[in-house]
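This report concerns only the one structure given below.
The values are calculated or read from the model by the stated rules, or taken from the named source; none is laboratory data. Only a predicted model underlies this, so the values are computations on that prediction, with no experimental measurement involved. So basically every Cβ, Gly included, is an ideal-geometry build from the backbone, and we count neighbours across all protein chains shown.
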Amino acid sequence: NRAQNDVTDLRLLTNSPMLFSTKLVWEVTSMAIDKLGLEFTAALPETIRAFNDAMDDYMVFRGEPVGHLLAAAEVDPDFALGYCLTGCLRLFGGVSAAHPRINLELRAAKARRSRVNTREQAHIDAFERAVTGEMSDAGEMWDAILQKFPHDMMAAKCAHEAYYLVGESDHMRRSVMQILPAWGEDRPYYGHLLGMGAFGLEEAGDYRVAEDMGRKAFELEPADCWAVHAVAHVMEMEGRRGDGIAWLEGSSQHWTGARWLRGHLWWHLCLPLMEEGQFDRVLQIFDDYVSDCDKDMVTRLNDCTSLLWRLELKGIDVEDRWDHLVELWSDHVNDHAFALADVHIAMTMVAAGGEKKLGRFLESQHAYIEGANNTNSWIMENVGRALCRGVIAFRRGDYAAASDMISGVLDQTYRIGGSNAQRDLFRITAEAAKMNITPVQASG
C-alpha cells in the first residue's frame, strides 16, 4: 500500500485525459487499455507500459515480467491484475502455492477486487482457484473469460499453462483453437497464439497440423521460442532425429536469449544427440547451457535431472554432476507444487546418495498428501508417489519393484503434467527395470 494516499486520487487532478505516446491510452476514469484493446484498472499511466512490457517478456520467455509487474503494482493501488499475473507466473514456474509471496499476491489482488472490472475479477477468481491446487478448474475459468474476451492473451496463456501442468492436452488444444478464428495477423501476439496452438495440437497427437502451425508461428515471430519448442516436440515424437537437430541448431540464434526456456530447448537438442551417440557433446551442453540455472527455476531443474538420468540409462558416467543438483533442489523438498517436480526431486536425491534429504522429502510428501484435499494432492497420492518410489527402487537396484511401481501407473502419468516427451522418461525407466530383473528378484 506504499504511496497509496498519493496516487489514489490522481485522476481527480485533471478534467482532461493525460497525453502519452500513441501506444498508450489513458482515461480519467482510471481504466487503462492494453495493447490488445482490453480495459483494466490502473491509477497510474505508467502501469499500462509495465503491463504491456510484462506480457511482451512473457511471450518470449525473456526479461523480468515479474519485475515489471511488481514495480508497477507496489505504487499503483488499483493494479490488481499485476498481482494476479505475478502470482500466476510463480505458480506456473513451479513455486509452491503455500509460498508467502503467492499468498501475499493473492491477498493483494483480492483486496482490490471490488474496484476492478468484471474481466479482472474473473482473473482474480481463476488465480485463487489455481492456488487451491485445482489447475484444471482454473483453466476452465480462464477459458470462460476467453468466451467473452477472445483477445485476452493473459487468459489464453494462463489457461494454456494450467492445462499443461495437469497434462490435459485436449483442453490445451481446444482452448486455443476455439478463439483462433477471432484473431488475425494484424493483431499483437497472433504468431504467439499460433505457437501455443501448435503445442496443444502436438500434445494431442495431431502432428502434421501442429508442425505446420508451429512453422507458421516461427515465420511470423522468430523470437517465439514456444513455437520452436512445439515443432521440436513433433520431431521428437516422430523419431526424426536429424530434422530435430537441424531445426534446433538452425533456430538457436533466436532463442538463446530466452532465459526462461532456452535450457529446455537445449535439453530437447540433447535427446536426438543422445540417440546419435554424441554423449560428449550432450555433457558439454549440460554443463554450458542446461545447468546454468538457479534454484528458483524449477522447470529448468527438471531438465537437469531428466538429462542426467537419461545419460545414466545409456551407461554414461555423469561423474559428480548430481551433487550440485541436490543443492539446487534442496529448497523445494517441502513444496509439492506438482508431481512432476516431486518425481525429479526423488530421482536427484537417490542418484546423489542424499539419503537424509530423500527421507525428509518422502516424509514431507506423505504429510502433504495426508493434509491437503485437492486435485493436486490426489495426483500426488495416486500417481506421483508411485513414480517416486519406483525411481528410488530402480536406483537402488530393486528392478522388480521399480518395474511394478512405474508400470502400474504408466497410463496415468499424463496427470502429473509436463509433456509427452518429458514423461517418456518413465516408460524408458520401466523398460530398463524389466531388462535388469534378476531371476531372484523375479521369484520373490
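Scanning segment 294-317 finds no residues that are free of Cβ contacts under 8 Å to residues at least 24 places away in the same chain, among the aromatic types (Phe, Trp, Tyr) and surrounded by 20 or more Cβ atoms within 10 Å (Cβ to Cβ).
Assess whether residue 265 counts as being part of a helix (DSSP H, G or I), surrounded by fewer than 21 Cβ atoms within 10 Å (Cβ to Cβ) and at pLDDT 95 or above. For residue 265, the condition - part of a helix (DSSP H, G or I), surrounded by fewer than 21 Cβ atoms within 10 Å (Cβ to Cβ) and at pLDDT 95 or above - is not met.
The condition of being surrounded by fewer than 18 Cβ atoms within 10 Å (Cβ to Cβ) and either of a type outside the set (Lys, Arg) or farther than 30 Å from residue 96 by Cα (or both) holds for only one of 422, 412, that being 412. Report whether or not residue 57 is crowded, with 18+ Cβ neighbours inside 10 Å, part of a loop (DSSP other than H, G, I, E, B) and acidic (Asp, Glu). Here the answer is no, as residue 57 does not meet what is asked. Residues in segment 163-184: is at least one touching a Cys at 6+ places or on another chain (Cβ under 6 Å) and either assigned to a helix (DSSP H, G or I) or closer than 20 Å to residue 119 by Cα (or both)? Within segment 163-184, none of the residues are touching a Cys at 6+ places or on another chain (Cβ under 6 Å) and either assigned to a helix (DSSP H, G or I) or closer than 20 Å to residue 119 by Cα (or both). If residue 209 satisfies every condition in (1) aliphatic (A, V, I, L, M); (2) in contact with a Leu (Cβ under 6 Å, 6 or more places away or on another chain); (3) outside any helix (DSSP H, G or I) but one, which is the exception? With respect to (1) aliphatic (A, V, I, L, M); (2) in contact with a Leu (Cβ under 6 Å, 6 or more places away or on another chain); (3) outside any helix (DSSP H, G or I), residue 209 is out only on (3). Could you tell me whether residue 260 is modelled with pLDDT under 95 and either within 20 Å of the chain's Cα centre (by Cα) or over 22 Å from residue 171 (Cβ atoms) (or both)? Yes, satisfied.
Yes/no per residue for (1) hydrophobic (A, V, I, L, M, F, W, C); (2) touching a helix residue (DSSP H, G or I) at 6+ places or on another chain (Cβ under 6 Å):
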position: 355; (1), (2): no, no
position: 362; (1), (2): yes, no
position: 369; (1), (2): yes, yes
position: 380; (1), (2): yes, yes
position: 387; (1), (2): yes, yes
position: 398; (1), (2): no, no
position: 402; (1), (2): yes, yes
position: 407; (1), (2): no, yes
position: 438; (1), (2): no, no
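A single member of 427, 396 is surrounded by fewer than 17 Cβ atoms within 10 Å (Cβ to Cβ), touching a residue at least 40 places away in the same chain (Cβ under 8 Å) and either of a type in the set (A, V, I, L, M, F, W, C) or within 19 Å of residue 312 (Cβ to Cβ) (or both), and it is 396.
Report yes if some residue within segment 361-380 is assigned to a helix (DSSP H, G or I), surrounded by 15 or more Cβ atoms within 10 Å (Cβ to Cβ), among the small types (Gly, Ala, Ser) and free of Cβ contacts under 8 Å to residues at least 40 places away in the same chain; otherwise report no. Checking segment 361-380: at least one residue is assigned to a helix (DSSP H, G or I), surrounded by 15 or more Cβ atoms within 10 Å (Cβ to Cβ), among the small types (Gly, Ala, Ser) and free of Cβ contacts under 8 Å to residues at least 40 places away in the same chain. Selection within segment 338-350: residues that are buried (at least 22 other Cβ atoms within 10 Å of the Cβ) and among the aliphatic types (A, V, I, L, M). The member of this set that is nearest to residue 324 (Cα to Cα) is 349. Please indicate, with yes or no, whether at least one residue in segment 174-185 is closer than 24 Å to residue 202 by Cβ, crowded, with 19+ Cβ neighbours inside 10 Å and within 20 Å of the chain's Cα centre (by Cα). The answer is yes, given that some residue of segment 174-185 is closer than 24 Å to residue 202 by Cβ, crowded, with 19+ Cβ neighbours inside 10 Å and within 20 Å of the chain's Cα centre (by Cα).
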